[in-house]
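Presented below is the structure to which this report refers.
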Amino acid sequence: MNTRVEEASAIFGGGAACSQAVLAAFCEKYGLEKELALRLSRGLGSGARCAEICGAVSGAVLVVGLKHGQSKEGCNVKTEEFIRAFREKNGGVVCRELLGCDVSTPAGRAKAISENLFRTRCLDLVTSAAQILEDAGY
């Protein structure tokens, strides 16, 4: 892989959740084994299964914590910087708003599947989160 963005995209394309793809692309740089990162972040996909905060955002915030978690204030500032950049680039951070449907409901999930949102829009969000992290030096 040339970049962590490409790695996140490949991990997501291989069947991982959005949260897993972002965290797993960066985790080893900060001493977290990839297999553990994948297990830790599994439940955060699809907005923690309730279409709330985007899983790609959650995965990225975990990366921020890996780098800056020793300082509450420092980590908070860096998390806010990431959220601001993601929101500016993508128009929000809430899964159901980003996808235009609530994937925690049967109807919303069916819409996401029929419109191929998991492989198009979600992939865009994964690569966006990874790019923001990469551009910030993670």
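Keeping to pairs on different chains or 8 or more places apart, tell me how many lysine pairs in the chain have Cα atoms under 18 Å apart. Before the final figure, lay out the partial values.
Numbers: LYS29/LYS67; LYS29/LYS78; LYS34/LYS67; LYS67/LYS78; LYS78/LYS89.
The result is 5.
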Q: Rounded to the nearest 500, what is the 222 nm mean residue ellipticity of the chain from helices alone, with -39500 (n - 2.57) per DSSP H run of 4+ residues and division by all residues?
A: -19500 deg cm²/dmol
(Q) Give me, ordered by chain and number, the residues 5 or more places off VAL94 or on other chains with an amide H under 5 Å from its own placed amide H. (A) CYS54
Q: State the Kirkwood hydrodynamic radius of the range 78-138 in Å, one decimal place, computed from all pairs of distinct Cα atoms.
A: 12.3 Å
Q: May I ask which residue of PHE26, SER104, GLY45 lies farthest towards the positive end of the charge dipole of the chain, with charges of +1 (Lys, Arg) and -1 (Asp, Glu) on Cβ and the Cα centre as origin?
A: SER104
Q) Rounded to whole Å and sorted largest first, what semi-axes of the equivalent ellipsoid does the C-alpha gyration tensor of the chain yield via the square root of 5 times each eigenvalue? A) 23, 16, 13
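Readers should treat all values here as calculations from the given coordinates under stated rules, not as data from a laboratory. Note that the structure is predicted; figures quoted are calculated from it, not measured. Every residue, glycine among them, receives a Cβ derived from its backbone with ideal geometry; neighbour counts consider all protein chains shown.
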